[in-house]
Amino acid sequence: MSETSRGAAPVLTPHAQIVQMMMGSLVARLIYTAARLRLADHIAAAPRTAEDLAAVTGTHAPALHRLMRTLTGLGILTHDSEHHFALTPLGDALRTGAPGAALPTILTFGGPVFTRAFDEFEHSLATGETGFEKAFGLPIFNYFAGHPEDAALFNDTMIGFHGDEPAAVVAAYDFSGFRKIVDIGGGTGNLLSMILSRTPAAQGVLFDLPHVIASATPLIKERGVDDRVAHERGDFFQAVPAGGDAYVLSHIIHDWHEDQCLTILRNCRTAMAPGGRLLLVEMVLPDGDAFHPGKLLDMVMLTVPGGQERTAPEYARLLDKAGLRLVRIVPTASAVSVVEAAAA
């Protein structure tokens, strides 16, 4: 009996593999649509048919049935002989409020803000400029300042996209020697609150723009560290809070072009207490041809905010220009590493 006849997956030819990869864009669109329609919320309590859901989702029942049937083949839904659809564990991750924040992540990456930017990807490739600015006429963070709902969704997306990283970071890097930890551009406080929960003697400073800081309190309170976190509003291109012995920048430096990165890094260098450390939490790109999620994220950086992912030598050169020296790179169990630097 051949391997194929026993059910082994056939080996795809190169042309079939590349076509299959391209079909990933269709899969992404289907998952985004399921998320936008809140299908997981509608069937979380009990299995339901497409006919049950058509009115509440504003869809055509036979067409919705076909979508949901396709989602069964992707492992997101399951259904019985009477066409009642239910969630699988994978589909359950699409519920509102489900652990891991997959829903806002999908709504952001599959939604009109990001898709319009990627419609201009070839502009980014031809010019090195962002597709986002070509599509919207202003940089993404300026856009968020005027669109609070999109900004809030993006903040939740950062939890979903980088959800496994905070625990991996605190497991890999020893923060116990620090007494004042300043999280620069810390968003909702996801990473800082995780660090402080494992470092009971430390105080924290969460530093970000005013409209971002306003949404940070709930998560910090939920983790029971709000009495040790000072909220400071400001612009890291102007200055950052002084006197910290650890400055954490998680997925900040990758957002900006080099001159802007140097401004941020020099501001941190000026503010650091003697003997302090600068800690960049980033996806450090490996050498060689192997897949790494940072290589895909680098295309997002090119097209949306205008930054980039870097290799270890590229980080060393960038830090050197800012008056800092690379001390070490600490890998974690996630895709990110901790790039540790000190004053040169």
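The values are calculated or read from the model by the stated rules, or taken from the named source; none is laboratory data. Computed from a prediction, not measured in an experiment: that's the story for all the values here. All Cβ positions, glycine included, derive from the backbone under ideal geometry; neighbour counts span all protein chains shown. Calculation scope for accessible area: heavy atoms of the full protein, side chains included, ligands and nucleic acids excluded. Shrake-Rupley method; radii C 1.70, N 1.55, O 1.52, S 1.80 Å.
Just checking, which of Ala46, Ala40 is on the phi < 0 side of the Ramachandran plot, open to solvent by less than 60 Å² (accessible area, probe 1.4 Å), in a helix (DSSP H, G or I) and modelled with pLDDT of 95 or more?
Just one listed residue meets the conditions, Ala40.
May I ask you to list the residues in region 94-127 that are more than 16 Å from the chain's Cα centre (by Cα), free of Cβ contacts under 8 Å to residues at least 12 places away in the same chain and within 27 Å of Ala46 (Cα to Cα)?
The one that is more than 16 Å from the chain's Cα centre (by Cα), free of Cβ contacts under 8 Å to residues at least 12 places away in the same chain and within 27 Å of Ala46 (Cα to Cα): Gly97.
I'd like the residue in region 159-194 that is among the small types (Gly, Ala, Ser) and within 16 Å of the chain's Cα centre (by Cα) and, out of all such residues, is nearest to Asp208 (Cα to Cα).
Looking at the filtered set, the residue picked out is Gly185.
Go through Thr311, Thr270, Thr263 for me and flag whichever is farther than 27 Å from Ile140 by Cα and hydroxyl-bearing (Ser, Thr, Tyr).
Thr270
Please find, within region 233-257, the residue that is farthest from Met299 (Cα to Cα) out of those that are acidic (Asp, Glu) and surrounded by 16 or more Cβ atoms within 10 Å (Cβ to Cβ).
Applying the filter and picking the extreme gives Asp245.
Check Glu309, Glu232, Glu314 and return the single one that is of a type in the set (Asp, Glu) and over 30 Å from Glu120 (Cα atoms).
Answer to the selection: Glu232.
Residue-by-condition table, conditions (1) crowded, with 17+ Cβ neighbours inside 10 Å; (2) under 25 Å from Gly163 (Cβ atoms); (3) at pLDDT below 95; (4) touching a Ser or Thr at 6+ places or on another chain (Cβ under 8 Å):
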{"position": "His79", "(1), (2), (3), (4)": "yes, no, no, yes"}
{"position": "Phe85", "(1), (2), (3), (4)": "yes, no, no, yes"}
{"position": "Pro89", "(1), (2), (3), (4)": "no, yes, no, no"}
{"position": "Arg116", "(1), (2), (3), (4)": "no, no, no, no"}
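If a residue must be open to solvent by 40 Å² or more (accessible area, probe 1.4 Å) and touching a residue at least 12 places away in the same chain (Cβ under 8 Å), how many such residues does region 178-217 contain?
11
Restrict the check to region 162-176 and report whether at least one residue is part of a loop (DSSP other than H, G, I, E, B), of a type in the set (Ser, Thr, Tyr) and open to solvent by less than 40 Å² (accessible area, probe 1.4 Å).
Checked region 162-176: at least one residue is part of a loop (DSSP other than H, G, I, E, B), of a type in the set (Ser, Thr, Tyr) and open to solvent by less than 40 Å² (accessible area, probe 1.4 Å).
One line per residue, one yes/no per condition, for (1) of a type in the set (Ser, Thr, Tyr); (2) outside any helix (DSSP H, G or I); (3) within 21 Å of the chain's Cα centre (by Cα):
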{"residue": "Gly244", "(1), (2), (3)": "no, yes, no"}
{"residue": "His254", "(1), (2), (3)": "no, no, yes"}
{"residue": "Asp287", "(1), (2), (3)": "no, yes, no"}
{"residue": "Asp298", "(1), (2), (3)": "no, no, yes"}
{"residue": "Gly306", "(1), (2), (3)": "no, yes, yes"}
{"residue": "Arg317", "(1), (2), (3)": "no, no, no"}
{"residue": "Arg328", "(1), (2), (3)": "no, yes, no"}
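For (1) of a type outside the set (Lys, Arg); (2) free of Cβ contacts under 8 Å to residues at least 24 places away in the same chain; (3) open to solvent by 10 Å² or more (accessible area, probe 1.4 Å); (4) out of contact with any Leu (no Cβ under 6 Å at 6 or more places or on another chain), each residue gets a yes or a no:
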site	(1), (2), (3), (4)
Asp259	yes, yes, yes, yes
Leu265	yes, no, no, yes
Val284	yes, no, yes, yes
Gly288	yes, yes, yes, yes
Leu296	yes, yes, yes, yes
